[in-house]
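**Q** Okay, handing you the structure first.
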Amino acid sequence: MDAMFDTYKLSAAQIRVFHAMKELKNMPSSFDNLANEEIIWAVAVGTFDLPESPTASDLRYYQGKVEERLRRIDEAESRFGWFSLKWTKPTMRRLLFNWFCGMLVIDPNLQTRDGSPIQFVHEYYGEESHYPGPEGQTDEWKKESTDLYVLMARSICRAYPLSTSKGIVSFSDMQDFDWDKYDMESKERNSDVSSLVPNKLARMIAFHPDDKMERFYKDMGERARKKWGFMQYANFESAVTDLGDFLPKELPTFVGGTYKVDILNCLKHLFRREPEALALLLETHDEMVKSGELPRPKHME
């Protein structure tokens, strides 16, 4: 276990919480089948803001938070298929469309100063993305979108240990955001998904906002912004200047930097611990290349 604790950079206090969770009684039936690593995911996310020198009261509080998360694992399965959901050809195609349009990309070579993986986002809903308008957002499409989110969250946990213990940082270029196409209904319906699956956003950095985004940011207030780690800037340059060495020296071209991301290699890294998903990725990628379906919008050139 020591090697796993080190991989996840758990503190002594977090390790104490882990051992306390292992002793829990009267837990849901699926708890007994949890791997130690899956319990660590719950501990890492549930104790994300645990003080460096916690008091006994602090430890009781955070143990309660982690226990509550673990007691809801059956709900995570019944609602989202957290354990049983499999990558399929349709969800893999959606993943490839998204990543090759820069709509959410994690590069293992780029991380924050303290080790958080960064999800780089160019919000894009053009034709190449295959993102439908409201009339095409059927119940089936919305279910597939939720499945993709859950599958991605699980694969990120496996591929990026510090995504749970340090949290993920999002860095988003919003200049091509489309309010008319954005599926806000599904986002609101699944607003509690992060309380069931271990997907933690530590900071949300956005730039090139429109007027509506600027008003929303102002209305949030400083306390809410700090709580959610939300930061908004006029443009790429102001974000990079303000954040300094918190960000890596090089940033992807599709969000305004100079670093050319190898999307396929990033996806191979994402599935490095999932042989079946990796095989499906490569098969689906080859099919999309041969059929000419693999997107390459201008911002990805």
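The values are calculated or read from the model by the stated rules, or taken from the named source; none is laboratory data. What you see is a predicted model; the values in this text were computed from it and never measured. Note: ideal-geometry Cβ built from the backbone for every residue, glycine included; neighbour counts use all protein chains shown. Heads up: the accessible areas ignore ligands, DNA and RNA and are worked out on the full protein's heavy atoms, side chains in. Shrake-Rupley method; radii C 1.70, N 1.55, O 1.52, S 1.80 Å.
**Q** Wrap a convex hull around the Cα atoms of the chain, take a quarter of its surface area, and give that in square nanometres.
**A** 16.4
**Q** Output the peptides 1-9, 196-204 sorted from most to least packed, where packing is the average of other Cβ atoms within 10 Å over each peptide's residues.
**A** The densest-packed peptide leads the list: 196-204, 1-9.
**Q** Given the Cα atoms of region 42-140, and with Rh set as the inverse mean 1/r over their pairs in the Kirkwood sense, what is Rg to Rh to two decimals?
**A** A ratio of 1.09.
**Q** Mind checking which lysines have their C-alpha under 22 Å from LYS181, skipping anything on the same chain fewer than 8 residues away?
**A** By straight Cα distance, LYS181 reaches LYS142, LYS143, LYS212, LYS298.
**Q** Another question about this same structure. If you line up the Cα atoms of region 169-301 on their principal axes, what length do they span on each, largest first, in Å?
**A** 48, 36, 32
**Q** Once ligands and nucleic acids are excluded and a 1.4 Å probe is used, how much of GLU123 is accessible, expressed in Å² to the nearest 10?
**A** Number for this one is 40 Å².
**Q** Using the Cα atoms of region 71-191, I'd like the radius of gyration and the largest Cα-Cα distance, Dmax, both in angstrom.
**A** In order Rg, Dmax, the Cα atoms of region 71-191 give 15.0, 43 Å.
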